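Asker: This is the structure I have questions about; it appears just below.
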Amino acid sequence: MNIDPNQVSNYVTKYADVLVDYSLKLVSAFIILFVGIYAIRLINRIITKVMIQRNLDPTLTKFLSDILIWALRILLFVTFISKLGIETSSFVAILGAMGLAVGLSLQGSLSNFAGGMLIIVFKPFKVGDTIEAQGVIATVAEIQIFVTKMLTANNQTVFVPNGALSNGTIINYSMQGERRADLTFAVSYDSDIKKAKEVLLNVLNSNPKVLKKPEPEVFVKNLTASSIEFSVRPWAKNENYGIVFSQTLENCKTALDEAGIAIQPYTLQK
C-alpha cells in the first residue's frame, strides 16, 4: 500500500487547523466561564448590598438574590456551550419542554410559590407577628418560599401553605402594636348600675398594664331577662394582652364580690 506524502501532509495540516481553531474556542469558552462565575458573585454581592441598604425584607432579599443567581448561571451555561460550538436551539427547546412538564406536575407548589411571593411583597404579616389564618392562631416564625412556619402558644409548629394563606382571610393581631380585650360581665338586677360601673372602671384604671390612651371603657351592653351585662374594654400592648385579659377577669370578679355586687352564674367573654 502506497502512502501519498502530499495527502498525509494535507490531512495533518487540515486537522491541525481544526485543533488550533477548537483549542481557541475551548480556551475562550473557559475564560468566559471563569470570568462569568466571578462576575455573578460580584453582581450578587452588589445587588444584595443595595437591597439591604433599601431596608428590604430579609426573606425577599434572599429570595430575589437566589433567583438572580440561577438566572445568571443558566445564561452563563448557555453562553459557554454556545462558545464551544454546540447548537443551543435544541437545548433551549428541551429545557422549555422540561419546564412545561415540571410546571404541570407541580401546579400546587407553583401556587404556593406565587403565594409566598405575594406575602413577601405585600407583607400582610412579618416574622414575629401573631396572626389568625386557616383556623390557626400562632406567631410567625419563618416565611419560606412554599410554606409559612408558625408556632402556637403551646409550642406546636404549624406549616401553612402560602397559596391558601395568601388567598384566605388573615387577622394580624400585632400590626397595630396595641390590642383591646372585649369582656362581658353579667350582674344581678338588684345591683346599682353606677356603682358596678365605677367598680369595674377602677379595676381597669388601677392596672399599670392597661393603657391610658386609648382610654379603657365600661358601659351597659345589654339588659337580658336575668341580668345586666356590662362591656369591659381595656387596651394593652400586644405583649401584655394575655396578662391584661386574665388579670381583668380575676380583678373584676374580686372587686365586684368585695362591693357586694352579685355576679350571675356565668361570665360571657367575646
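Read-outs throughout are calculated quantities, based only on the coordinates presented, and are distinct from any laboratory measurement. Keep in mind the model is a prediction, meaning the values are calculated, not measured. Positions of Cβ are backbone-derived with ideal geometry, glycine not excepted, and every protein chain shown enters the neighbour counts.
Asker: Once amide H atoms are built 1.01 Å from N in the peptide plane, which residues 5 or more positions from D129, or in another chain, come under 5 Å H to H?
Answerer: Amide H neighbours of D129: V140.
Asker: Given labels modelled 7 Å from the Cα in the Cβ direction, how far is it in nm from T254 to F146?
Answerer: Roughly 5.2 nm, to one decimal.
Asker: Mind checking which lysines have their C-alpha under 25 Å from K194, skipping anything on the same chain fewer than 8 residues away?
Answerer: K209, K212, K213, K221, K253, K270
Asker: Return the FRET efficiency for the residue pair V78, V121: r is the Cβ-Cβ distance, R0 is 41 Å, and the value is rounded to the nearest 0.05.
Answerer: For R0 = 41 Å, the calculated efficiency reads 0.90.
Asker: Please give every one of the lysines within straight-line cross-link reach of K62, meaning a C-alpha to C-alpha distance under 27 Å, and leave out same-chain neighbours fewer than 8 residues apart.
Answerer: The reachable lysines, counting only those whose Cα sits under 27 Å from K62, are K49, K123, K126, K149.
Asker: Roughly what would the spin-label model give for A39 and Q156, points 7 Å off Cα along C-beta, in nm?
Answerer: Distance between the two pseudo-spin positions: 5.3 nm.
Asker: Take S246, project a point 7 Å from its Cα along the Cβ direction, then tell me which residues of the stretch 198-217 have their backbone nitrogen under 20 Å from it.
Answerer: Within reach of a label on S246: 203-211.
Asker: Hey, another quick one. If you rank R45, R180, R54 by fewest surrounding Cβ atoms within 10 Å, what's the result?
Answerer: R54, R45, R180
Asker: What are the semi-axes of the equivalent ellipsoid of the stretch 149-270, taken as the square roots of 5 times the eigenvalues of the Cα gyration tensor, listed largest first and rounded to whole Å?
Answerer: Computed over the stretch 149-270, the values are 33, 16, 13 Å.
Asker: Under 20 Å Cα-Cα from K25, which lysines qualify once same-chain neighbours fewer than 8 residues away are excluded?
Answerer: Output for K25: K14, K83.
Asker: Additional query: Normalising by the residue count of the stretch 140-208, find the relative contact order in percent from Cα pairs under 8 Å and 6+ residues apart.
Answerer: With pairs under 8 Å counted, the relative contact order is 15 percent.
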